[in-house]
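Structure first, commentary second.
The values are calculated or read from the model by the stated rules, or taken from the named source; none is laboratory data. Since this is a predicted model, take the numbers as computed values, not measurements. Don't worry about glycine lacking a Cβ; one is built from the backbone with ideal geometry, like all the others, and counts go over all protein chains shown.
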Amino acid sequence: MGVEIRESPVSDAEYAEMEQFVHDYLVASVQAEDEGGRMRWYPWHSAEYRFNHIRNVVELAEEIAREEGANTDITRVAALFHDIAKLEVDQDIHAEEGARIAREYLEIQTDYPASFIDQVCSAIEDHSYQGDIDDLTLETRSLIEADILDKVGANGAALMLLRMGYESRTHMDSAEMVGRVLERGEEAKKRVRSQTATDMAHRRLKRVRWFKEWLEDEIADIEPEE
Ligand SMILES: [Fe+2]
């Protein structure tokens, strides 16, 4: 359970500095990468994509935290750092490594209380937890739900279309590929628990469903699905 912190310990200037640090860290991770080590041509392997994803997650997580009564500062700082190590280390250790980097930054660069730093770091560390999110704190849950939501919806559909270009597919495949985004979204939605995130997921999935139907409606060679 979150420790009550009445006044926000995070000033706008401090937050902007942290954001810059995360951005620069991602850019440096890509620069340090071995040539061909990852599928770099896919949009989600770039520092720009990752940083944008982080900003989306911060915004979503903060809204969920506010509505669900979680501590918004713990949640937004955790969200900001959650994927900092994503481009540097393997997926299965990026959460733990992200928590380590965040702790080092927060302990050296800020005067935040130890309990605040601990809660931020445990949310980062637990954000790739695959079990039932009801086991976790409200702040960690808000972060995980936001992370799921960023992959669900119009943003996910746009990325899929971009990926189709890299794979030399034509727009005739678009309804099918957007259909996959929809399926994955429906699956991801099952992990979401809070009412706020459930409503957001519902709205986002509806947009993807519409888009898929519009594609089926407008493109002659696409057979509408039953
Ligand atoms: Fe993420």
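When Asp73, Asp132 are checked against the criterion of being more than 14 Å from the ligand (Cβ to nearest atom) and modelled with pLDDT under 95, a single residue qualifies: Asp132. Candidates in the range 88-122 are the residues that are surrounded by 17 or more Cβ atoms within 10 Å (Cβ to Cβ) and within 12 Å of the ligand (Cβ to nearest atom); of these, the one that is farthest from Val58 (Cα to Cα) is His94. Does the range 61-75 hold any residues that are buried (at least 23 other Cβ atoms within 10 Å of the Cβ), of a type outside the set (Ser, Thr, Tyr) and part of a helix (DSSP H, G or I), and which are they? Within the range 61-75, Ala61, Ile64, Ala65, Ile74 meet the criteria.
A single member of Ala146, Ala157, Ala85, Ala78 is buried (at least 19 other Cβ atoms within 10 Å of the Cβ), in a loop (DSSP other than H, G, I, E, B) and either within 16 Å of the ligand (Cβ to nearest atom) or under 16 Å from the mean Cα position of the chain (by Cα) (or both), and it is Ala85.
In the range 160-206, the qualifying residues are those that are in contact (Cβ under 8 Å) with a residue 60 or more places away in the chain and within 16 Å of the ligand (Cβ to nearest atom), and the one that is surrounded by the fewest Cβ atoms within 10 Å (Cβ to Cβ) is Met200. Within the range 112-134, count every residue that is without any contact (Cβ under 8 Å) to a residue 40 or more places away in the chain and either outside any helix (DSSP H, G or I) or of a type in the set (Lys, Arg) (or both). Adding up the residues that qualify gives 5.
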